[in-house]
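The values are calculated or read from the model by the stated rules, or taken from the named source; none is laboratory data. Every value quoted in this text rests on a predicted model; they were computed, and no experiment measured them. Here the Cβ positions follow ideal geometry from the backbone for every residue, glycine too, while neighbour counts run over all protein chains shown.
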């Protein structure tokens, strides 16, 4: 018998890291410095030169979360990854004594779910936290069964990678694993607060491949993959002083201390990591309140809506787009829909969406019936001169599983 929550997990074996910078020695301490080539291990240098700027690669999976995970990350040399967030929530290792992020002086810590303020967080302003995309790929011309990892915090590189993966996903209907590609470093001129600068950004392409050839790629299996070990910090992105926790913080920077989850922040206007759902006024520590019961009518309506969603192959992104179109004043996050009603949904919203899906299902049936009649008429060479029913409201996105998943951006609204 398999072990639940263990036997189904796969972890991609990592051969080595390929970096975009080197560690140089400064007057007071070492620091990472960007270069215009891929800093590779010896095996890769022997194949592609000492300072390669282009590498032939393949993605081992068609799941963007597996091949290009991206989060705000804060590291310490002693405890590795101490905070990982997505701009809304984060999971942090907190010192049980001080309530701050665990560092070299920490003797006991615990995980805590917090509010992530992204680039507004003091840790980000001080350089302790960075946005990090980890790209996992196969160098298919070299020996070894495993992946190489490249970490980048460059905004343009992250946008380029996400855009290329999105295009691949669209053109191959989600089956682009093991398609030969090229990853290159291209110099681009960017406007910065200090003026124009020329920096090297990641770009992906394959000059000799046609779009039709992408359909011949091997469909990768979307396993429940953990990726690689995130506890190891990208040393070409984080200076040693940050990892050691010895960064000299500017006097003008806001404090980077993290309040103890049971206590409110000292200053209501101060920004930083704080427990999710923390009230504005100070309250005494108390035991966590039990999860509130969900209205049975709301839960039953949501279950019926989800069943109809699966039956009509409507994706989560399409559902959220429909809700946003009908209720523009309701703030609907991009999080995936689950079997539990989200906090922003109401009974009228569920009833309205259910009716829309029913009409969408009926239009699909009408189109299928017309197609069947048309084929039968063709078989007897008696093609009726009737027109097909308007199917503009019956556009479907291709889905690869029985459960609805995000297959496109939330701004793609389908009038189902």
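When 75, 166 are screened for being more than 22 Å from residue 33 (Cα to Cα) and not in a loop (DSSP other than H, G, I, E, B), only 166 passes.
Among the residues of segment 114-147, write down those that are surrounded by fewer than 16 Cβ atoms within 10 Å (Cβ to Cβ) and within 18 Å of the chain's Cα centre (by Cα). Within segment 114-147, 118, 119 qualify.
Could you please let me know if residue 325 is in a helix (DSSP H, G or I), over 31 Å from the mean Cα position of the chain (by Cα) and in contact (Cβ under 8 Å) with a residue 12 or more places away in the chain?
Details: in a helix (DSSP H, G or I): yes; over 31 Å from the mean Cα position of the chain (by Cα): no; in contact (Cβ under 8 Å) with a residue 12 or more places away in the chain: yes.
Answer is no for this residue.
Please work out if residue 157 is in a helix (DSSP H, G or I) and either in contact with a strand residue (DSSP E or B) (Cβ under 9 Å, 6 or more places away or on another chain) or modelled with pLDDT under 90 (or both). Before the answer, list the steps.
On the way: in a helix (DSSP H, G or I): yes; either in contact with a strand residue (DSSP E or B) (Cβ under 9 Å, 6 or more places away or on another chain) or modelled with pLDDT under 90 (or both): yes.
In short, yes.
Just one of (1) out of contact with any strand residue (DSSP E or B) (no Cβ under 8 Å at 6 or more places or on another chain); (2) under 22 Å from residue 146 (Cα atoms) fails for residue 27. It is (2). The number of residues in segment 185-223 being in contact with a helix residue (DSSP H, G or I) (Cβ under 6 Å, 6 or more places away or on another chain), modelled with pLDDT under 80 and assigned to a strand (DSSP E or B) comes to 0.
If you check residue 152 against the conditions, is it touching a helix residue (DSSP H, G or I) at 6+ places or on another chain (Cβ under 8 Å), assigned by TED's automatic domain parsing to the domain that holds residue 14 and buried (at least 19 other Cβ atoms within 10 Å of the Cβ)? It is true that residue 152 is touching a helix residue (DSSP H, G or I) at 6+ places or on another chain (Cβ under 8 Å), assigned by TED's automatic domain parsing to the domain that holds residue 14 and buried (at least 19 other Cβ atoms within 10 Å of the Cβ).
Considering each residue of segment 369-387 in turn, none proves to be modelled with pLDDT of 80 or more, in a helix (DSSP H, G or I), out of contact with any strand residue (DSSP E or B) (no Cβ under 7 Å at 6 or more places or on another chain) and surrounded by fewer than 16 Cβ atoms within 10 Å (Cβ to Cβ).
Among the residues of segment 44-58, how many are out of contact with any helix residue (DSSP H, G or I) (no Cβ under 9 Å at 6 or more places or on another chain) and assigned to a loop (DSSP other than H, G, I, E, B)? The number of residues fulfilling the criteria is 3. Of the residues making up segment 91-113, none is under 16 Å from the mean Cα position of the chain (by Cα), surrounded by 20 or more Cβ atoms within 10 Å (Cβ to Cβ) and either in the same structural domain as residue 233 (by TED's automatic domain parsing) or under 27 Å from residue 335 (Cβ atoms) (or both).
For residue 21, are the conditions met, namely being on the phi > 0 side of the Ramachandran plot and either in contact (Cβ under 8 Å) with a residue 60 or more places away in the chain or in the same structural domain as residue 185 (by TED's automatic domain parsing) (or both)? So that I can check it myself, show each step before the final result.
Details: on the phi > 0 side of the Ramachandran plot: no; either in contact (Cβ under 8 Å) with a residue 60 or more places away in the chain or in the same structural domain as residue 185 (by TED's automatic domain parsing) (or both): yes.
Judged against the criteria, residue 21 is not a match.
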